[in-house]
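Working notes, structure below.
None of the figures in this text is laboratory data; all of them are computed from the coordinates on show. Predicted model, so just to flag it, every value in this text is computed and none were measured. Glycine gets a Cβ as well: all are built from the backbone with ideal geometry, and neighbour counts include every protein chain shown.
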Amino acid sequence: MTTLAPLHFVSVDDYLAKEDGADIRHEYIDGQLYAMTGASRNHGLIVGNLYALLHPLLRGTPCQLFASDMKVRLRINHQDIFYYPDLLLSCDKNDRATYYCSQPCLLVEVLSDSAARIDRREKLWAYQSIPSLQEYLLVSQTAREVQTHRRKRDWAPETFTNGPLRLECLDVEVPLDVIYEDVPAL
């Protein structure tokens, strides 16, 4: 019989301290760390395009937009979880912790081959537990396709391949041409 080595438990405080300035980022699930992989060129372009479109719309509002480096904190079944969404929008003026947000209204993940299953299942399920979250977007980097999951539609998926999609959190339309600007072969 094989005995598995016990996993090393990392406290939330130790995790947050280690992530500050770390060369490799980690997501955190109930005391366990999971290293993040690097992003592709298309991934970076898509996140940058969304950020460039949305950020100017936030001036004079309580909303703050973060690309890739801000964690979202969840607490599910007495477990602390920290993920790094590709884009995070929080409009709650009290959601101002130094290293994470816990009350986002919009989360975006740009799908990659290595993480798409986690983004589509684990994170979709986990993000639904955030009371403030209105929308979760899954953006393909290999096809011109954005899938939205909205609280008001009971998280049922809607897929957009042509016309603009409406971000209800900001009450703004986002053209797919802008999301995929300069992304080769899409």
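The table below lists the values:
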{"item": "Karplus 3J(HN,Hα) series, Hz, for the stretch 93-101 with 6.51 cos²θ - 1.76 cosθ + 1.60 (x for Gly, Pro)", "result": "5, 9, 8, 10, 4, 5, 10, 7, 10"}
{"item": "Distant-in-sequence amide H partners of residue 145 (H built 1.01 Å from N, under 5 Å)", "result": "140"}
{"item": "All-pairs alpha carbon distance profile, the stretch 27-117, 10 Å steps from 0, percent", "result": "15, 46, 32, 7"}
{"item": "Contact order relative to length of the chain, as percent, for alpha carbon pairs under 8 angstrom and 6 or more apart", "result": "16"}
{"item": "Listed values [x] 57, 39, 28; [y] 55, 39, 34; [z] 46, 35, 33, entry calculated as Cα extents along the principal axes in Å", "result": "[y]"}
{"item": "Reach of residue 123 by Cα under 16 Å, taken over lysines that are not fewer than 8 positions away in the same chain", "result": "71"}
{"item": "Farthest toward positive dipole pole in the chain [+1 Lys/Arg, -1 Asp/Glu at C-beta], among 183, 54, 22", "result": "54"}
{"item": "Karplus-derived 3J(HN,Hα), 6.51/-1.76/1.60, for each residue of the stretch 70-79, Hz, glycine and proline x", "result": "9, 7, 10, 9, 10, 10, 10, 6, 6, 10"}
